[in-house]
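Chemist: For reference, the structure I am asking about is given below.
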Amino acid sequence: MSHIKSEKLLDVAVEASLAASDLIMEALQKPKTSNHKGTTDLVTATDLESEKIIKAIIKASFSDHSVLAEETGKETSESNYLWVIDPLDGTTNFVHGYPSFGVSIGVYFNREPIASAIIEMPTLKLYTAIKGKGAFCEGKEIHASKTSSIQDSLMVTGFGYEHGENWEKNMGLFRHFTDITQGVRRLGAAAIDMCHVACGKADAYWEYDIKPWDIGAGILIAKEAGCVVSDFTGKNTDMYTDNILLTNEALHSEMVKEIKDHLN
Ligand code: LIP
């Protein structure tokens, strides 16, 4: 049982994500320089500054907690608390000014997600959740959709930066689901994609080769909104998964079957 009130942890996550979003929105108006972490994997000064301000705010309240952050990696301590940070999810979109990126902060206790804050930008929508207490957008409770058939659904997916075997497999899944649904979107920021399923704007999201910081906060927001979170085989999973499937309650088993049939 966490001895720190989840509300207190969430307050710090929200404070940190708001400070980071102010910095990012200011940088959005200015010319951006980016470096390559891989062929198409970009990092900007804004990613690094956002991460710095988030970690400083967390450390000011919880100096002994562990941190896993996209740009500076893992800082472990004896603590059972772990903060999982994506300081700028959707960096490529940010660099091009494409309107889907955000800040994602998840708080874990003994490997279990207990509090999450995600700010979607440039709309500045704040998504939050506390374990067992529901999920909210701008303070209003959110729920996954009731769409009950795949052909009536709208889905989202993403592609990693490595164009290897899984990338090819996902191109096949993208084609398959585009063929049998009302459409599949590829927007470029996993944390935002997961919030869109949590509030019922989309009915399912899946992705290969996703990183813990991309999905660490979104998992709790989705679960508290009534979504089912698993790997592609339907097995319960966590942020260290290789592949993630997130759907509303009605579509999960059908999606697992479609993915299995298509990949085999
Ligand atoms: C992005 C993810 C997205 C994925 C991209 C990239 P980043 O994270 O949010 O879902 O498709 O390849 O990994 O690099 O912008 O933080």
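The values are calculated or read from the model by the stated rules, or taken from the named source; none is laboratory data. Small disclaimer: the values here were computed from a predicted structure and weren't measured. Note that we place each Cβ from the backbone using ideal geometry, even for glycine, and neighbour counts take in every protein chain shown. All accessible areas refer to the heavy atoms of the entire protein, side chains included, with ligands and DNA or RNA removed. Shrake-Rupley method; radii C 1.70, N 1.55, O 1.52, S 1.80 Å.
Chemist: For the chain, what is the accessible area per residue in Å² when the probe is 1.4 Å?
Modeler: Working: 11820 Å² over 264 residues.
On a per-residue basis, the chain sits at 45 Å².
Chemist: Ok, one more. Could you list, bin by bin from short to long, the percent of Cα-Cα pairs of segment 1-97 in 10 Å steps?
Modeler: 15, 45, 27, 11, 1
Chemist: Take every Cα pair under 8 Å in segment 124-262 that's 6+ residues apart, average their separations, divide by the length, and report that relative contact order as a whole percent.
Modeler: The normalised contact order for segment 124-262 reaches 28 percent.
Chemist: Mean separation of Cα pairs under 8 Å and 6+ residues apart, divided by the residue count of segment 24-109: what relative contact order is that in percent?
Modeler: Numbers: 130 pairs, mean separation 20.3, N = 86.
Normalised by residue count, the contact order of segment 24-109 is 24 percent.
Chemist: Modelling each spin label as a point 7 Å along the Cα-to-Cβ direction, I'd like the D242/F174 distance in nm, to one decimal.
Modeler: In this crude label model, D242 to F174 measures out at 2.1 nm.
Chemist: Let me cross-check F109: its accessible surface, 1.4 Å probe, with only protein heavy atoms counted, in Å² to the nearest 10?
Modeler: 30 Å²
Chemist: For segment 110-241, what is the per residue volume of the convex hull drawn over the alpha-carbon atoms, in cubic angstrom? Intermediate results must be reported in sequence, preceding the final value.
Modeler: Values: hull volume 14.7 nm³, N = 132.
It is 111 Å³ per residue.
Chemist: Just name one of L9, A20, P31: the one whose Cα is farthest towards the positive end of the charge dipole of segment 7-95 (beta-carbon charges, Lys/Arg +1, Asp/Glu -1).
Modeler: P31
Chemist: Pairs K223/K260; K55/K131; K5/K260; K5/K52; K52/K169; K55/K133: which exceed 31 Å Cα-Cα?
Modeler: Numbers: K223/K260 23 Å; K55/K131 22 Å; K5/K260 41 Å; K5/K52 25 Å; K52/K169 36 Å; K55/K133 26 Å.
Among K223/K260; K55/K131; K5/K260; K5/K52; K52/K169; K55/K133, the Cα-Cα distance tops 31 Å for K5/K260; K52/K169.
Chemist: Any idea what diffusion coefficient the chain gets from Stokes-Einstein, in µm²/s, Kirkwood Rh on alpha carbon pairs, 10 °C, 1.306 mPa s? Spell out each step's value before the answer.
Modeler: Numbers: Rh = 18.3 Å.
In µm²/s, the coefficient rounds to 87.
Chemist: Continuing with the same structure: What is the sum of charges, Lys and Arg at +1 and Asp and Glu at -1, for the other residues whose Cβ falls under 12 Å from the Cβ of T241?
Modeler: -4
Chemist: Any chance you could get the radius of gyration and Dmax over the Cα atoms of segment 179-264, in Å?
Modeler: Rg and Dmax of segment 179-264, Cα atoms, are 11.8, 32 Å.
Chemist: Using the membrane-span-like helix rule (whole DSSP H runs, Cα extent along the own axis of at least 18 Å, mean Kyte-Doolittle hydropathy at least 0.0), which helices of the chain qualify? Intermediate results must be reported in sequence, preceding the final value.
Modeler: On the way: long enough: 6-28 (32 Å, 0.83); 45-61 (25 Å, 0.16); 165-180 (23 Å, -0.96).
Result, helices passing both filters: 6-28, 45-61.
Chemist: Quick one: net charge around L220, please, counting Lys, Arg +1 and Asp, Glu -1 for every other residue with C-beta under 12 Å from its C-beta.
Modeler: Details: positive: K131, K133, K223; negative: E112, E224, D238.
That works out to 0.
Chemist: Would you rank K59, K37 by solvent-accessible area, highest first, keeping every protein chain in place and using a 1.4 Å probe?
Modeler: Correct descending sequence by accessible area is K37, K59.
Chemist: Run the accessible area of segment 1-94 with a 1.4 Å probe and give the carbon-and-sulfur part as a rounded percent.
Modeler: Accessible surface attributable to carbon and sulfur in segment 1-94 totals 54 percent.
Chemist: Let me spell out the model: positive unit charges on the Cβ of Lys and Arg, negative unit charges on the Cβ of Asp and Glu, origin at the Cα centre of the chain. What dipole size does that give, in debye rounded to 20?
Modeler: 320 debye
Chemist: Let me ask something additional. Taking 30 Å as R0, compute the FRET efficiency from the Cβ-Cβ separation of T76 and W167 and round it to 0.05.
Modeler: 0.45
Chemist: Run the dipole for segment 97-203 about the Cα centre, Lys and Arg Cβ at +1, Asp and Glu Cβ at -1, nothing else charged, and hand back the magnitude in debye, nearest 20.
Modeler: In debye, rounded to 20, segment 97-203 gives about 280.
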